[in-house]
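*Asks:* This is the structure I have questions about; it appears just below.
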Amino acid sequence: MHKAYSNKLVILSLVLPGILTFVFAVLAPICLSVYYALTDFSGLGDYNFIGGTNFIELIHDTNFWLSLRNSLLLAAGFILIQHPLAIITAAILDRLGKHAEGFFRCVYFLPNVISVAIIAYLWKFIYNPSFGLLNNVIEIFGGKGEVNMLGTGTAIWAVLVVLIWHGFGWGMLIYYTGIKNIDPTLYEAASIDGADNKISFLRITLPLMKPVIQVNVTLAVITALKQMETVYLLTNGGPGNETQFMANYLYKQAFSSFKYGYGNSISVAFVSICILSTIILNRIFKEKAEA
Amino acid sequence: MNNDSVINKRPNPTSRIIMWSILILFAVVQIFPLIWLVNFSLVSNNEMFTNGLLVWPEKLRFDNYVKAFIDGHFLLYLKNSVLINVLAVIIVLFISVCMAFACSRMYWKLSKVVKGLILLGMMIPIHATLLPNYMIYDRLQINDSIWALLIPYIAFSLPQGLFLTCSFMESIPREIEEAALIDGCGIYSVIFIIITPLLKTSLVTVSIMTFLNNWNEFMMASTYLNSPKWRTLPFSVLEFTGLYSSNYAVQFAVMSLTAAPMVIMYFMLNKHITKGVAMGAVKG
């Protein structure tokens, strides 16, 4: 028995395909990225080793810090706006009957199955000053309908709205599953004791949902840091670099500004920030759970 | 109208009105942009510039869809998307089951290290590999081939697949496979004939997560591919904005059209997808 389970050849045959794929597609590229980050490679032709020059440039690059700030802004938007709304909606949804529950859940999640490419262009049209949906809505409420939300100053808020809107259903669904896992007898006991919906939500739902909320908050921060696709198509970081995000910035530097080496140094910083924040958030929540 | 338990839970009519208005408000906010999208895909280009939220077209312009279908290379890109995603799902399932068995059942020194290494992949953002992978694929001349998409799609779905399969496999009692081994079954037949059918629930979840993640991906596709040969469905939309930059109605049509396959699939597999996402997210 034990012998069959420790046959080295069998083990190797089982894990090798996975390891090879992973090394080839994830690990090797990251190492290569570190290598190129130390060069002044433009993408074509020869290049020289320039040591840490790229990273020193990165520290003084205001656009990089701006993109990091935008990520944090997005994370705050997720945590302070999207998630509270998602929890409340999930809690109400939990109280509905069968058919209505399924219907609303389906409607809320629908935007999530649609490609980011479509969502980005759809919102580009919604924000369009001449025929966009937003301006028509503003006109109905008596405003002046020639607002260009993607222009200077407001663009970052316009981008945040799209991202919060698009991710709402996903967050709602996770909270909804969490609430479904709460023992219904708790609510019955509470209502016998005279608790109304508000009190049972605050005293039962929220405390029991703590682990789910923690997972969701971690996911929200990571998602915000990783954001690229929607911004790439919606504004490509513009106007100027107002709506820049890290992933989009490194892409732009490498392929539009032909600073491939510098792009890679942003990439290295980007990976480090993502890994670090995951570790830090897990650590914080673990300590809290133990305390 | 409602069943008794619902009424018992919410006796207060005002709070019921508030609850329903919240639900309906969010539903409208989530769904109205999509209704608007379908509506504008059926009007003529001139009708779009009228005031009001929705337009009642004089004639439903299905020719927008014909243009979108033909000039958007809909069939080719749909075929590519289906082929690449199905292959990715199958390979991810295969590798996940193999690795999960080796890591959670078999005895070897590096099992924890290997599992940890792959799970570390969950923290690494896809976009950080865009630049170096572009160079690697360029050198290996696999740019513009199916491999340029398939390999990263598999690699980035693998961590979650392995994680879910591992945690599910641990809940399967070992006695079943031990009995099979004593009866003279080989390790491979134990894995694929005895264990795999028991993993059905988690395999469905892994498939759904892999499919959802990769179906809508276009960043890698647009970086690694430079001819239409292997382009996937999102490219119908991306190419159209250049091609028909002033004919907006046709652009709306191409967007509705490319969204359709996934929306139809969602309606068909609604329950499985809901469950899969919930399970994947809670455990991931």
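*Asks:* Determine whether B:Gly184 is more than 9 Å from chain A (Cβ to nearest Cβ), surrounded by fewer than 17 Cβ atoms within 10 Å (Cβ to Cβ) and in a helix (DSSP H, G or I).
*Replies:* Judged against the criteria, B:Gly184 is not a match.
*Asks:* Can B:Ser167 be described as of a type in the set (S, T, N, Q), within 30 Å of A:Leu9 (Cα to Cα) and assigned by TED's automatic domain parsing to the domain that holds B:Ile84?
*Replies:* Criteria met by B:Ser167.
*Asks:* Does any residue of the stretch B:144-155 turn out to be at pLDDT below 90 and at negative phi?
*Replies:* no
*Asks:* Could I ask something else about it? Which members of the stretch A:64-87 meet the condition of being free of Cβ contacts under 8 Å to residues at least 40 places away in the same chain and of a type in the set (A, V, I, L, M)?
*Replies:* Result: A:Ala76, A:Leu80.
*Asks:* Kindly indicate which of B:Leu87, B:Leu76, B:Leu93 is more than 30 Å from B:Gly116 (Cα to Cα), assigned to a helix (DSSP H, G or I) and either touching a strand residue (DSSP E or B) at 6+ places or on another chain (Cβ under 8 Å) or in the same structural domain as B:Ser222 (by TED's automatic domain parsing) (or both).
*Replies:* Answer to the selection: B:Leu76.
*Asks:* Within the stretch B:96-117, work out how many residues are in contact (Cβ under 8 Å) with a residue 40 or more places away in the chain, assigned to a helix (DSSP H, G or I) and surrounded by 18 or more Cβ atoms within 10 Å (Cβ to Cβ).
*Replies:* Within the stretch B:96-117, residues that are in contact (Cβ under 8 Å) with a residue 40 or more places away in the chain, assigned to a helix (DSSP H, G or I) and surrounded by 18 or more Cβ atoms within 10 Å (Cβ to Cβ) number 8.
*Asks:* Please find, within the stretch A:194-210, the residue that is farthest from A:Lys286 (Cα to Cα) out of those that are at the interface with another protein chain (Cβ under 9 Å from one of its Cβ atoms) and not polar (S, T, N, Q).
*Replies:* So the residue we want is A:Asp196.
*Asks:* Turning to a different aspect of this structure: Does B:Leu25 meet the test of being more than 30 Å from A:Leu9 (Cβ to Cβ), crowded, with 17+ Cβ neighbours inside 10 Å and not assigned by TED's automatic domain parsing to the domain that holds B:Leu243?
*Replies:* no
*Asks:* Identify all residues within the stretch B:187-221 that are of a type outside the set (A, V, I, L, M, F, W, C) and in a helix (DSSP H, G or I); write none if there are none.
*Replies:* B:Tyr188, B:Ser189, B:Thr196, B:Pro197, B:Lys200, B:Thr201, B:Ser202, B:Thr205, B:Ser207, B:Thr210, B:Asn213, B:Asn214, listed by residue number.
*Asks:* Can you name the residue in the stretch A:253-267 that is in a helix (DSSP H, G or I) and among the hydrophobic types (A, V, I, L, M, F, W, C) and, of all such residues, is nearest to A:Ile30 (Cα to Cα)?
*Replies:* The selected residue is A:Ile266.
*Asks:* Hey, another quick one. Looking at the stretch B:92-116 only, could you name the residues that are facing chain A (nearest Cβ under 9 Å) and polar (S, T, N, Q)?
*Replies:* Of everything in the stretch B:92-116, those that are facing chain A (nearest Cβ under 9 Å) and polar (S, T, N, Q) turn out to be B:Ser96, B:Ser111.
*Asks:* Still on this structure, please answer the following. Would you be able to say whether some residue in the stretch A:57-72 is in a helix (DSSP H, G or I), more than 10 Å from chain B (Cβ to nearest Cβ), crowded, with 21+ Cβ neighbours inside 10 Å and of a type in the set (A, V, I, L, M, F, W, C)?
*Replies:* yes
*Asks:* Return yes when A:Leu44 is assigned to a helix (DSSP H, G or I) and either under 30 Å from A:Leu163 (Cβ atoms) or not aromatic (Phe, Trp, Tyr) (or both) and no when it is not.
*Replies:* No, not satisfied.
*Asks:* For the stretch A:94-107, does any single residue satisfy the condition of being part of a helix (DSSP H, G or I), touching a residue at least 60 places away in the same chain (Cβ under 8 Å) and farther than 30 Å from B:Asp138 by Cβ?
*Replies:* yes
*Asks:* Restricting to the stretch A:171-193, and then to whatever is of a type outside the set (A, V, I, L, M, F, W, C), under 30 Å from A:Val221 (Cα atoms) and surrounded by 18 or more Cβ atoms within 10 Å (Cβ to Cβ), can you tell me which residue is nearest to the other protein chains (Cβ to nearest Cβ)?
*Replies:* Filtering the stretch A:171-193 for residues that are of a type outside the set (A, V, I, L, M, F, W, C), under 30 Å from A:Val221 (Cα atoms) and surrounded by 18 or more Cβ atoms within 10 Å (Cβ to Cβ), the one nearest to the other protein chains (Cβ to nearest Cβ) comes out as A:Thr177.
*Asks:* Checking B:Val86 against (1) away from every other protein chain (no Cβ under 13 Å); (2) closer than 24 Å to B:Thr201 by Cα; (3) surrounded by 20 or more Cβ atoms within 10 Å (Cβ to Cβ), only one condition comes out false. Which one?
*Replies:* (3)
*Asks:* Where residues in the stretch A:113-150 are outside any loop (DSSP other than H, G, I, E, B) and more than 8 Å from chain B (Cβ to nearest Cβ), which of them is surrounded by the most Cβ atoms within 10 Å (Cβ to Cβ)?
*Replies:* Checking each candidate, the answer is A:Ile119.
*Asks:* Could you look through the stretch B:118-163, keep only residues that are within 7 Å of chain A (Cβ to nearest Cβ) and of a type in the set (Gly, Ala, Ser), and pick out the one that is surrounded by the most Cβ atoms within 10 Å (Cβ to Cβ)?
*Replies:* Here the answer is B:Ala155.
*Asks:* Let me ask something else. For the stretch A:250-291, enumerate the residues that are more than 30 Å from A:Val212 (Cα to Cα), out of contact with any strand residue (DSSP E or B) (no Cβ under 9 Å at 6 or more places or on another chain) and within 10 Å of chain B (Cβ to nearest Cβ).
*Replies:* Residues satisfying the conditions are A:Leu250, A:Tyr251, A:Gln253, A:Ala254, A:Phe255, A:Gly263, A:Ile266, A:Ser267, A:Val268.
*Asks:* Could you grab me the full set of residues in the stretch A:233-252 that are assigned to a helix (DSSP H, G or I) and in contact with a Leu (Cβ under 9 Å, 6 or more places away or on another chain)?
*Replies:* Those that are assigned to a helix (DSSP H, G or I) and in contact with a Leu (Cβ under 9 Å, 6 or more places away or on another chain): A:Leu233, A:Leu234, A:Met246, A:Ala247, A:Tyr249, A:Leu250, A:Tyr251.
*Asks:* Within the stretch B:194-205, does at least one residue satisfy the condition of being free of Cβ contacts under 8 Å to residues at least 60 places away in the same chain, closer than 20 Å to B:Gly161 by Cβ, of a type in the set (D, E, K, R) and surrounded by fewer than 16 Cβ atoms within 10 Å (Cβ to Cβ)?
*Replies:* yes
*Asks:* With respect to B:Lys275, is the statement that it is surrounded by fewer than 19 Cβ atoms within 10 Å (Cβ to Cβ), free of Cβ contacts under 8 Å to residues at least 60 places away in the same chain and under 25 Å from B:Gly161 (Cα atoms) true?
*Replies:* No: the conditions fail for B:Lys275.
The values are calculated or read from the model by the stated rules, or taken from the named source; none is laboratory data. These numbers were taken from a predicted model, which means no experiment stands behind them. Don't worry about glycine lacking a Cβ; one is built from the backbone with ideal geometry, like all the others, and counts go over all protein chains shown.
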